[in-house]
Amino acid sequence: MRNLKLLRTLEFRDIQAPGKPQCFSLRTERGTVLVGSECGLIEVDPEKREVTSKISLVTEGFLPEDGSGCIVGIQGLLDQESVCVATASGDVILCNLSTQQLECVGSVANGISVMSWSPDQELVLFSTGQQTLIMMTRDFEVITEQQIHQDDFGEGKFVTVGWGSKETQFHGSEGRQAPFPIQMHESALPWDDHKPQITWRGDGQFFAVSVVCPKTGARKIRVWNREFALQSTSEPVPGLGPSLAWKPSGSLIASTQDKPNQQDVVFLEKNGLLHGQFTLPFSKDEVKVNDLLWNADSSVLAVWLEDLPREDSSTLKSYVQLWTVGNYHWYLKQSLPFSTSGKSQIVSLLWDPVMPCRLHILCQGWRYLCCDWHWTTDRSSGNSTSDLANVAVIDGSRVLVTVFRQTVIPPPMCTYRLQIPHPVNQVVFSAHLEKSNDLAILDASNQISVYKCGGDKLKVDSTVKLGAVGGNGFKVPLRLPHLEKRYTVQFGDNEDEEVNPLQLCLLTWIEEDVFLAITHSPSSLKSVIYRLTAAPSEVDEVQGQLNVSSSVTVDGVVIGLCCSSKTKSSVVQLADGQVFKCLWESSSLTVEPWKSSEGFAIRFAHPCTQMDLAMIGGQEYVLGLTDRCRFFINDTEVASNITSFVVCDEFLLLTTHSHTCQCFSLKDASLKMLQAGLCSSHEANRESLRKVERGSRIVTVVPQDTKLILQMPRGNLEVVHHRALVLAQIRKWLDNLKFKEAFECMRKLRINLNLIHDHNPKVFLENVETFVKQIDSVNHINLFFTELKEEDVTKTMYPPPVTKSVQMSRDPDRKKLDLICDAMRVAMENINPRKYCLSILTSHVKKTPPELEIVLQKVHELQGNVPTAETVSAEEALKYLLLLVDVNDLYNHSLGTYDFDLVLMVAEKSQKDPKEYLPFLNALKKMETNYQRFTIDKFLKRYEKALGHLSKCGPEYFTECLNLIKDKNLYKEALKLYQPDSQQYRAVSIAYGEHLMREHLCEEAGLVFARCGVREKALSAFLTCGSWQQALCVASQLRLKKDKMAGLARTLAGKLVEQRRHSEAATILEQYVQDYEEAVLRLLEGSAWEEALRLVYKYNRVDIIETSIKPSILEAQKNYMAFLDSQTATFIRHKNRLLVVRELKKKPPQLHVDNEVAHGPESELFSESGSDMSARYSHSNSRISARSSKNRRKAERKKHSLKEGSPLEDLALLEALSEVLQSVDKLKDEVHSILKVLFLFEFEEKGKELQKAFESTLKLMERAIPEIWTLANQLSSATSVRGPSSTVNSITASYQQQQKQQPSVPVLDAGTYMPPKMDQRRLWKLSVLQ
């Protein structure tokens, strides 16, 4: 659905040269044009508007002096500064343009009618006056010569396999006369010049020749290959014209056919068979086709036509029409009228071989015209819902308009079509936001037809016809446009209009009755921007006049003009990439450079064929796309693989060569963000990216909607809903409380309905009633309930493009589902509980856990209601519940209500066999109520409820009740059911205590026994767990004798000593046994020196100091010294070994002859991190890990072995060093305590010795920590590089350096690499010993 839009026209008038032009050729490498006349050859530079060289062929005798000579072909040779010229007299001349030397490389006696070079310029064909074809090499050596007329069909002759003749085949509605068609006139057309026509295929492997057969007088087309072997001859085509053009990138040969009532452009295959056609928009015998030309990429077919002489008309014209094909339909995109007499008569035209949409035209009066087009999609640019997303397609004198907001119609069909008196060259929509559906049409006569939509009265316009919509019985909900005015525009004199039929270009409708247009100067590289304003008219006529209210001349060739419908800014682009801002709102039209936010003038690095304006992050930018898919924002190239783009509202959508469509929000974006988004690798779940079909291009985006229209290369359309557009529109609807529109869109496009709540929970919960009223459908509300889940989809599936702080109106202790279900249920009950009965039931089912009892109760209540139009019967409600809940769960819950009617109702709707549930229900009905409910709860495994019902059945069921308590461990629940002074309570407590004893919870068991008065068992339990205070209390309650009490106390003291609780054992011995000497010994054993001194002085036994205390102190000091020496030696040994291991790991592994690592004692240490060996070790120990914890600890010790050469010896050494350091650090309190008593008893030297040794050990370890735990230092240094003074580059460089220096750390052993923490705040030294 693209049109050809004129970018620029380059004219060179009144070229100073003798004679009249006859033909021309292009020299694309130099940008010049070679023109041949009856006098010679000239080279013209159109950009500089000068003749660069002239070569006369008359002086050398190649052309006669009387002017009757004719040049039949010119071809510039790319690899040499020369031109090949063929004359009608038969000379083939090689002209050197640098030296202007002429060389006749060949001559044909009978003359030359056609010269045709192959596309690769390796071969050249000559058609002679004797109806022969001569093939030569590029060095003009004759390869072969053949007659142009051949009797043979060719190598591709068809073979008949006997499937029947035409007479025996079915011919449908044509009937029996179809095999015998009426013989049409097959002779050449009256205006045929009978000259041969030659065309080459794009790859140069085949060429076709169209000639008039001397036997039949009709034209035939023959196809030869590169070796000059005839391949095929065309089937007889009545009225076949002389024009011939082989499609460069295909197998079709274009020609013309004159039919009884029309004239067609027909296509033939290489085998000579017809393959499609299209009809030219002229009557029979009105025009003749002079030539057909395909452009370089085979996308445009140029048809050069000329009016045939008529009696009623003296003014004859010629036309150059540009045709394109899409979806198997041929569109006339451009029509250029020329005169057939005077200076504007066309001599020849050529497509540029490099620029596919550049056409070169040579006129009779030595005037040259070059036109550049580009592909564009003419779409409306509104941003509101009033914009209908119109797209206009030019098709000759018709404009096909498709309204994509209401319907998607594949081309060539349309919503409606506008019939214009003349062929259309440009369509433009209004840039006014409120009138974006209005459009203006520029036709070939330079008239502008304005069509407007809406208005006070409905106008019926005969020029507007419905397309693929409407019909009998259908009402079209569309207001068609009507012709408002048809304006005429006059530029200069009539002569100028005749020479340049495309003088007016880049028409832009910026405001009501205000247009901007461009004309290019014919004499210089300048352009004029016109502001056209409608002239006031008192009479309401269709015809109007556009006056030039203001104009400005720009020094350069304008190739682009666009206007923003939002900001009304207009931007102009020159051919060199400069971008200017057009200030059209002032009285005088002016232009100024478009500047960036930094104040620099914007200039595209390459000219852009498509431009647009967009607001990015609050600033207006110019967007441009070149024909080479390079995408610019201002002067920054952000991507080089963009095939199409469109700006819609606040979104930028692009298609890429990687077959993706990307969508970016421009509201909070920046240039860097867009550049990063376009350059980043594809992410499958990214919201902004979507895969599309190969070759897709954007047609339009429906504003304030989710539809994105794409067109495939063949021409068919595809409507997609881009996820970014969908989510953005849904968020807008939810913000505006338009829940119905959002719900319908989400349901249609399969968007998770949780987004309705998660987008803004506070707003949703406050407007639940609005939501229910807008949805107004029980089925839709139930669908919403069924999709609810606890997940916050704004954090997982649909993260917002910009993080916003939304207040969460939900209790953190309550779940999301419960909040929504409760709020929705309250709203539905307030609105209409009968109508929303099923939805209310669904809200109960969706809660966690499901409230099935309440649901069943509500269903049971429906049984008594009289069914109406709004209410739901109990059977319908139950049938609906069975869709949500498993039937067995529903049966069990109904059984749990103890309502047998409800149970029977559910059972009847299920697939259960009545033989299964009826006997069970009948047996239940016969039981006593409490026992009945106990049986039901036990069947449903609701043991707590069953226990409650069973406890009410009486004492005779207590044994069964106690068994249930023991089986299901319901001791706590059972104790709540009985009075504390009852026998049942005591029995349950005893059972509970015994259960706790089995679970090795002896202290808790003792408390339970003591509470129920079973003191003997309580004492045993307290003795077992060592709770000496409780044991002595229970013993006092048992009133034990003094000797038994003392024996009990000694037993307790012995258990405490075993548990290294010496102080508590001493307390028992002193208070309950009165053996203070034993108590002092226990205190000395536990290093409680000060407490031992207190007992000695309390009982006045000073002699114990000499006999026991001092020896114990000295022995302890000696043990401490030995321990410190041992730990210091171990620490130093492990530290030295760790340094050796690390050095070995830095060395490369030693290889044997067979390139395997040597298996020496250190061979396992060469792994940089040990991860590979760790993996093998963990694999070998996988069976061990499944065994007991003892074996697991054994395997862990084996894994971190201190054995030299073990795989993870460095980890084992770090663990051992950490254990040594921690064991020494824990001695601070003990050393502090013994230092005090050493000083007290005048053992100062011993104390100083111990204090000095302990201090030196601590300092040794503190100094070694940075050397041992190097990884921790590196990690701490990594954090130090970050901060306010750091940059991204400095942080990245720091981390890269650290990665090179440090090994990778296994996750399970990461804690080993961190040093143990030493308590520096703990005071242990005595200043008196320093």
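The values are calculated or read from the model by the stated rules, or taken from the named source; none is laboratory data. Values in this document were obtained by computation on a predicted structure and should not be read as measured data. Here the Cβ is made from the backbone with ideal geometry for all residues, glycine too, and neighbour counts use every protein chain on show. Note: accessible area is taken over every heavy atom of the protein model, side chains too, but ligands, DNA and RNA are not part of it. Shrake-Rupley method; radii C 1.70, N 1.55, O 1.52, S 1.80 Å.
Which of the residues belonging to the range 372-399 are out of contact with any Phe, Trp or Tyr (no Cβ under 8 Å at 6 or more places or on another chain) and either part of a strand (DSSP E or B) or crowded, with 23+ Cβ neighbours inside 10 Å (or both)?
Of the range 372-399, the ones out of contact with any Phe, Trp or Tyr (no Cβ under 8 Å at 6 or more places or on another chain) are 372-377, 382-387, 397-399.
Listed by number, the residues that qualify are Asp372, Trp373, His374, Trp375, Thr376, Gly382, Asp387, Arg398, Val399.
Return the residues of the range 393-420 that are in contact with a Ser or Thr (Cβ under 7 Å, 6 or more places away or on another chain) and closer than 23 Å to Trp323 by Cα; say none if nothing qualifies. It would help to see each step written out before you state the result.
Initially, the range 393-420 is screened for residues in contact with a Ser or Thr (Cβ under 7 Å, 6 or more places away or on another chain), giving 401-404, 407, 409, 414-415, 418-420.
Correct list: Val401, Thr402, Ile409, Cys414, Thr415, Leu418, Gln419, Ile420.
Please specify each residue of the range 896-915 satisfying the condition of being of a type outside the set (A, V, I, L, M), assigned to a helix (DSSP H, G or I) and within 24 Å of His949 (Cβ to Cβ). Full working, then the answer.
The initial filter retains those residues of the range 896-915 that are of a type outside the set (A, V, I, L, M), namely 896-901, 908-915.
Then keep just the ones that are assigned to a helix (DSSP H, G or I); that gives 896, 900-901, 908-909, 914-915.
The answer is Gly896, Phe900, Asp901.
Is it true that Lys925 is more than 60 Å from the chain's Cα centre (by Cα) and more than 28 Å from Ala1010 (Cβ to Cβ)? Break it down into steps so the answer makes sense when it comes.
On the way: more than 60 Å from the chain's Cα centre (by Cα): yes; more than 28 Å from Ala1010 (Cβ to Cβ): yes.
Yes; evaluated as a whole, the condition is true for this residue.
Please determine whether any residue of the range 1130-1138 is modelled with pLDDT of 85 or more, polar (S, T, N, Q), closer than 26 Å to Leu1260 by Cβ and open to solvent by less than 50 Å² (accessible area, probe 1.4 Å).
Yes: the range 1130-1138 contains one or more residues that are modelled with pLDDT of 85 or more, polar (S, T, N, Q), closer than 26 Å to Leu1260 by Cβ and open to solvent by less than 50 Å² (accessible area, probe 1.4 Å).
Give Ser243, Ser251, Ser255 a once-over and let me know the one that is within 18 Å of Tyr319 (Cα to Cα) and in a loop (DSSP other than H, G, I, E, B). Don't jump to the end; show me each part of the working.
Numbers: Ser251 fails: within 18 Å of Tyr319 (Cα to Cα); Ser255 fails: in a loop (DSSP other than H, G, I, E, B).
Unique residue meeting the criteria: Ser243.
Which residues, counting only those in the range 544-566, are in contact with a strand residue (DSSP E or B) (Cβ under 6 Å, 6 or more places away or on another chain) and assigned to a loop (DSSP other than H, G, I, E, B)?
Gly556, Val557, Ser564 - these are the residues of the range 544-566 that are in contact with a strand residue (DSSP E or B) (Cβ under 6 Å, 6 or more places away or on another chain) and assigned to a loop (DSSP other than H, G, I, E, B).
Does Leu727 count as buried (at least 18 other Cβ atoms within 10 Å of the Cβ), under 19 Å from the mean Cα position of the chain (by Cα), modelled with pLDDT under 95 and not hydroxyl-bearing (Ser, Thr, Tyr)? Show your work before the answer.
Values: buried (at least 18 other Cβ atoms within 10 Å of the Cβ): yes; under 19 Å from the mean Cα position of the chain (by Cα): yes; modelled with pLDDT under 95: yes; not hydroxyl-bearing (Ser, Thr, Tyr): yes.
Yes, satisfied.
Take the conditions of a type in the set (S, T, N, Q) and part of a helix (DSSP H, G or I) and apply them to Ser1087. Does it pass? Write out each step before concluding.
Numbers: of a type in the set (S, T, N, Q): yes; part of a helix (DSSP H, G or I): no.
For Ser1087, the condition - of a type in the set (S, T, N, Q) and part of a helix (DSSP H, G or I) - is not met.
Test of understanding: among Arg942, Arg1011, Arg998, which residue is touching a residue at least 40 places away in the same chain (Cβ under 8 Å) and either hydroxyl-bearing (Ser, Thr, Tyr) or out of contact with any helix residue (DSSP H, G or I) (no Cβ under 6 Å at 6 or more places or on another chain) (or both)? Full working, then the answer.
On the way: Arg1011 fails: touching a residue at least 40 places away in the same chain (Cβ under 8 Å); Arg998 fails: touching a residue at least 40 places away in the same chain (Cβ under 8 Å).
Selected residue: Arg942, the only one of Arg942, Arg1011, Arg998 that is touching a residue at least 40 places away in the same chain (Cβ under 8 Å) and either hydroxyl-bearing (Ser, Thr, Tyr) or out of contact with any helix residue (DSSP H, G or I) (no Cβ under 6 Å at 6 or more places or on another chain) (or both).
When you scan the range 197-232, how many residues do you find that are open to solvent by 10 Å² or more (accessible area, probe 1.4 Å) and farther than 21 Å from Asn290 by Cα?
Going through the range 197-232 one residue at a time, the tally reaches 13.
Scan the range 945-960 for residues that are surrounded by fewer than 14 Cβ atoms within 10 Å (Cβ to Cβ) and either modelled with pLDDT of 90 or more or part of a helix (DSSP H, G or I) (or both) and jot them down.
Start the filter on the range 945-960 by keeping residues that are surrounded by fewer than 14 Cβ atoms within 10 Å (Cβ to Cβ), which leaves 954-956, 959-960.
Within the range 945-960, Pro955, Glu956, Thr959, Glu960 qualify.
Please find, among Thr842, Thr871, Thr897, Thr935, the residue that is surrounded by 15 or more Cβ atoms within 10 Å (Cβ to Cβ) and either of a type in the set (Asp, Glu) or in contact (Cβ under 8 Å) with a residue 60 or more places away in the chain (or both).
On the way: Thr871 fails: either of a type in the set (Asp, Glu) or in contact (Cβ under 8 Å) with a residue 60 or more places away in the chain (or both); Thr897 fails: either of a type in the set (Asp, Glu) or in contact (Cβ under 8 Å) with a residue 60 or more places away in the chain (or both); Thr935 fails: either of a type in the set (Asp, Glu) or in contact (Cβ under 8 Å) with a residue 60 or more places away in the chain (or both).
Criteria check complete, one pass: Thr842.
How many residues, within the range 750-764, are open to solvent by 40 Å² or more (accessible area, probe 1.4 Å) and in a helix (DSSP H, G or I)?
Total satisfying the criteria: 2.
Looking at the range 258-275, can you tell me whether even one residue there is surrounded by 16 or more Cβ atoms within 10 Å (Cβ to Cβ) and polar (S, T, N, Q)?
yes
Give just the number: which of (1) of a type outside the set (Ser, Thr, Tyr); (2) within 25 Å of Tyr971 (Cβ to Cβ); (3) open to solvent by 70 Å² or more (accessible area, probe 1.4 Å) does Leu1081 not satisfy?
Exception for Leu1081: condition (2).
Working only within the range 53-81, note down all residues that are among the polar types (S, T, N, Q) and at pLDDT 90 or above. Full working, then the answer.
Of all residues in the range 53-81, those among the polar types (S, T, N, Q) come to 53, 56, 59, 68, 75, 80.
The answer is Gln75, and nothing else.
Where in the range 484-543 are there strands (runs of 3 or more DSSP E), lying fully within it, with 1 or more residues that are in contact with a Gly (Cβ under 7 Å, 6 or more places away or on another chain) and at pLDDT below 90?
Details: elements: 505-511, 514-520, 527-534.
Because the criterion is at least 1 residues that are in contact with a Gly (Cβ under 7 Å, 6 or more places away or on another chain) and at pLDDT below 90, the strands (runs of 3 or more DSSP E) in the range 484-543 that meet it are 527-534.
Tell me which residues, restricted to the range 961-995, are under 60 Å from the mean Cα position of the chain (by Cα), open to solvent by 40 Å² or more (accessible area, probe 1.4 Å) and within 13 Å of Leu950 (Cβ to Cβ). Break it down into steps so the answer makes sense when it comes.
To start, the set of residues in the range 961-995 that are under 60 Å from the mean Cα position of the chain (by Cα) comprises 967-973.
So of that shortlist, the ones also open to solvent by 40 Å² or more (accessible area, probe 1.4 Å) come out as 967-969, 972-973.
Passing the criteria: Asp967, Lys968, Glu973.
In this structure, does Leu1114 turn out to be among the aliphatic types (A, V, I, L, M), at pLDDT below 90, over 60 Å from the mean Cα position of the chain (by Cα) and open to solvent by 30 Å² or more (accessible area, probe 1.4 Å)? Write out each step before concluding.
On the way: among the aliphatic types (A, V, I, L, M): yes; at pLDDT below 90: yes; over 60 Å from the mean Cα position of the chain (by Cα): yes; open to solvent by 30 Å² or more (accessible area, probe 1.4 Å): yes.
Yes: the conditions hold for Leu1114.
Could you grab me the full set of residues in the range 62-117 that are aliphatic (A, V, I, L, M) and assigned to a loop (DSSP other than H, G, I, E, B)? Quick ask: steps written out before the conclusion?
Going through the range 62-117, the residues aliphatic (A, V, I, L, M) turn out to be 63, 71-72, 74, 77-78, 83, 85-86, 88, 92-94, 97, 102, 105, 108-109, 112, 114-115.
Across the range 62-117, the qualifying residues are Leu63, Leu78, Ala88, Leu97, Val108, Ala109.
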